[in-house]
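The values are calculated or read from the model by the stated rules, or taken from the named source; none is laboratory data. No experiment lies behind these values; they were computed from the predicted model shown. A quick note on method: Cβ atoms are made from the backbone with ideal geometry, for glycine too, and the neighbour counts reach across all protein chains shown.
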Amino acid sequence: MISAIILAAGLSSRMGMPKQLLKLGGKTMVRIVTENVLASKVDEVLVVTGHREQEIRAEIGQLPVKILFNPNYVQGQGTSLALGAGAINDGTTAFLVFMADQPLITASLINMVIDEFKKRNCLALRPVYQGKPGHPVILDRALRAEAVELKGDEGLRKVLQQLGSRVEYLPVQDEAAIFDIDTPETYEKFISQYKI
């Protein structure tokens, strides 16, 4: 069983407004990301909310996902990942971590990461585009305990740093792995580039 954790709790301070609720072609970003994950081989999808929780819940509440509210979201991303990791199904063999600001990550890219992870039988696998590490990252369930212990702003990066050379990488030809919408400039670029 493969689980997915979508981190959608942040304050979006660099954007100046909740990027999870930004509209792209008539849909909010959190809705697009969630639908893309649901379209993949993932068996369970958990969405961690925080800032503007009610509005985000209204966007995805009718989808087959488990929504978790993180009351400590202002303390940082680590608290959201810890909450999500603690709530994944006990039968999960691996879990993927997604950010709510990467709407270009498609089901096919997700499936490629899952398939490669199963082939390699490694602890963690991360896609790389033109030398830059990206998302989604997939982790063996053995790393769940480390993820649950995260605090404050120490997110996935801390887990991967602790693994060091045991993290494996998958070169991909898809810029989606590294493209996120973090600032008003990247939002405008996305809209103009994809004619939304």
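For the structure I just gave you, tell me whether ALA39 is modelled with pLDDT of 95 or more and over 19 Å from ARG126 (Cα atoms).
Yes, satisfied.
Return the residues of the stretch 150-196 that are basic (Lys, Arg) and modelled with pLDDT under 85; say none if nothing qualifies.
Hits for the stretch 150-196 are ARG157, LYS158, LYS189, LYS195.
When the stretch 65-99 is examined, which residues are found to be more than 19 Å from LYS27 (Cα to Cα), assigned to a strand (DSSP E or B) and not basic (Lys, Arg)?
Passing the criteria: LEU68, PHE69, ALA94, PHE95, LEU96, VAL97.
Of the residues VAL74, VAL37, VAL45, only one is closer than 16 Å to LEU150 by Cα, in contact (Cβ under 8 Å) with a residue 40 or more places away in the chain and of a type outside the set (Ser, Thr, Tyr); which?
VAL74
Identify the single condition in (1) buried (at least 22 other Cβ atoms within 10 Å of the Cβ); (2) touching a helix residue (DSSP H, G or I) at 6+ places or on another chain (Cβ under 7 Å); (3) closer than 23 Å to THR186 by Cβ that TYR73 does not satisfy, given that it satisfies every other one.
(1)
So, in the stretch 15-55, of the ones that are outside any strand (DSSP E or B) and of a type in the set (Val, Ile, Thr), which residue ends up farthest from PRO184 (Cα to Cα)?
VAL42
Do any residues in the stretch 107-132 that are in contact (Cβ under 8 Å) with a residue 60 or more places away in the chain have Cβ atoms under 9 Å from those of residues that are in a helix (DSSP H, G or I) and not acidic (Asp, Glu), where the two are at least six apart or on different chains, and which pairs are they?
The qualifying pairs are ALA107/ASN36; ALA107/VAL37; ALA107/LEU38; LEU109/ASN36; LEU109/ALA176; LEU109/ALA177; ILE110/ASN36; ILE110/VAL37.
In the stretch 127-159, which residues are more than 26 Å from THR106 (Cα to Cα) and among the acidic types (Asp, Glu)?
GLU146, GLU149, ASP153, GLU154, listed by residue number.
All but one of (1) assigned to a helix (DSSP H, G or I); (2) out of contact with any helix residue (DSSP H, G or I) (no Cβ under 8 Å at 6 or more places or on another chain); (3) surrounded by fewer than 20 Cβ atoms within 10 Å (Cβ to Cβ) hold for GLN62, so report the exception by its number.
(1) is the only condition that GLN62 fails.
Between residues in the stretch 158-182 that are within 20 Å of ALA82 (Cα to Cα) and residues that are at pLDDT 85 or above and basic (Lys, Arg), which pairs lie under 8 Å by C-beta distance while being six or more apart or on different chains?
Here the result reads LEU160/ARG126; VAL167/ARG126, each pair linking the stretch 158-182 to a residue that is at pLDDT 85 or above and basic (Lys, Arg).
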